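The values are calculated or read from the model by the stated rules, or taken from the named source; none is laboratory data. Just so it is clear, the model here is predicted, and its values are computed rather than measured. Here the Cβ positions follow ideal geometry from the backbone for every residue, glycine too, while neighbour counts run over all protein chains shown.
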Amino acid sequence: MSLNNKSDNNKIKNGLYIVSTPIGNLGDISERAINILRQSDYILCEDTRVSKNLLKKFGIDTKLISYHKFNEKKKLNEITDLLNSGSLISLISDAGTPTISDPGKILISECFKKNIHLSLAPGPSAVSSAISVSGFSDKFYFYGFLPEKKKILDDDLQVLSKLNCSIIFFISAKKFNKNIPIFQKYFSGRKILICREMTKIYEEFIREEVDQLKTFEQNLKGELTLVISEIVKIKKSSQKLNESDKDIIKKTIDKLSVKEIIKLFNNHDVSKKEIYNYCIKLKNEI
């Protein structure tokens, strides 16, 4: 199977296209995505009402097929039959890049098995958008939506809490407040970025210490994208040289080099700079 790499937008090969749509701002859709959607015989979408509103904005009247997590297995043969008959079909989600915490993986796997042409029109993604604006490590793990069962959630977060990278979650705004305690339990000492209404008029980014999180008073709507920072390493405060330490240095200053003296204090919480400065002070007094 090959990916379609033709640059001529007027020549689109039949097959399945994974098409990204805006996560909020309609100006983020690409010209190529619009062209593919217009030329498609069918568009697979989660919620036809949501997709109709989007497509209407760009004058696209392609036939829609309802395709969501509750019917994707049932629709599989019907869609692959259409693809095998030479149809051009696009897969979109309600917003952003399809198959990321959305249906489509089963269909894509079937296309690989049956050697059905597969291509994509890349574009907006809440995942990459959130990590790019977080200021946290660009090494990240994407988890997706939190599971409902507490046992599964606890087990998963126990594992994730040990990862020293950014971690991205999707969560319903209505469920955020009740999950604050569990985030604080497993990610204490880290920072968090809360992304709300990304690319929209009321776009908001709240960056806070996980331990300082407080419940939102207003009733939030929609979905939030959360980014937990990598593990924040706290530097130990450097202790001062005590009298015992100074005596050791005084007794060894004529016998060892400054570098060797510093090595004597490798297991101490005294900075190398402070040891070095004290050694130089003693040498200048000799």
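Table: residues versus (1) in a loop (DSSP other than H, G, I, E, B); (2) of a type in the set (Val, Ile, Thr); (3) under 28 Å from the mean Cα position of the chain (by Cα).
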| position | (1), (2), (3) |
| --- | --- |
| 23 | yes, yes, yes |
| 32 | no, no, yes |
| 36 | no, yes, yes |
| 43 | no, yes, yes |
| 55 | no, no, yes |
| 64 | no, no, no |
| 73 | no, no, yes |
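No other residue among 225, 199 is in contact with a strand residue (DSSP E or B) (Cβ under 6 Å, 6 or more places away or on another chain) and either of a type in the set (Gly, Ala, Ser) or in contact (Cβ under 8 Å) with a residue 24 or more places away in the chain (or both) apart from 225.
This table checks each residue for (1) of a type in the set (Ser, Thr, Tyr); (2) modelled with pLDDT under 85; (3) not assigned by TED's automatic domain parsing to the domain that holds residue 95.
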{"position": "215", "(1), (2), (3)": "yes, no, yes"}
{"position": "224", "(1), (2), (3)": "no, no, yes"}
{"position": "249", "(1), (2), (3)": "no, no, yes"}
{"position": "258", "(1), (2), (3)": "no, no, yes"}
{"position": "263", "(1), (2), (3)": "no, no, yes"}
{"position": "267", "(1), (2), (3)": "no, yes, yes"}
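State whether one or more residues within segment 82-92 are of a type in the set (Gly, Ala, Ser), more than 17 Å from residue 228 (Cβ to Cβ), buried (at least 18 other Cβ atoms within 10 Å of the Cβ) and touching a strand residue (DSSP E or B) at 6+ places or on another chain (Cβ under 7 Å). Among the residues of segment 82-92, at least one is of a type in the set (Gly, Ala, Ser), more than 17 Å from residue 228 (Cβ to Cβ), buried (at least 18 other Cβ atoms within 10 Å of the Cβ) and touching a strand residue (DSSP E or B) at 6+ places or on another chain (Cβ under 7 Å), which makes the answer yes. Evaluating residue 248 against the criteria (1) under 30 Å from residue 274 (Cβ atoms); (2) aliphatic (A, V, I, L, M); (3) surrounded by 16 or more Cβ atoms within 10 Å (Cβ to Cβ) leaves one unmet condition, (3).
Looking only at residues in segment 11-21 that are of a type outside the set (S, T, N, Q) and more than 17 Å from residue 103 (Cα to Cα), the one that is surrounded by the fewest Cβ atoms within 10 Å (Cβ to Cβ) is 11.
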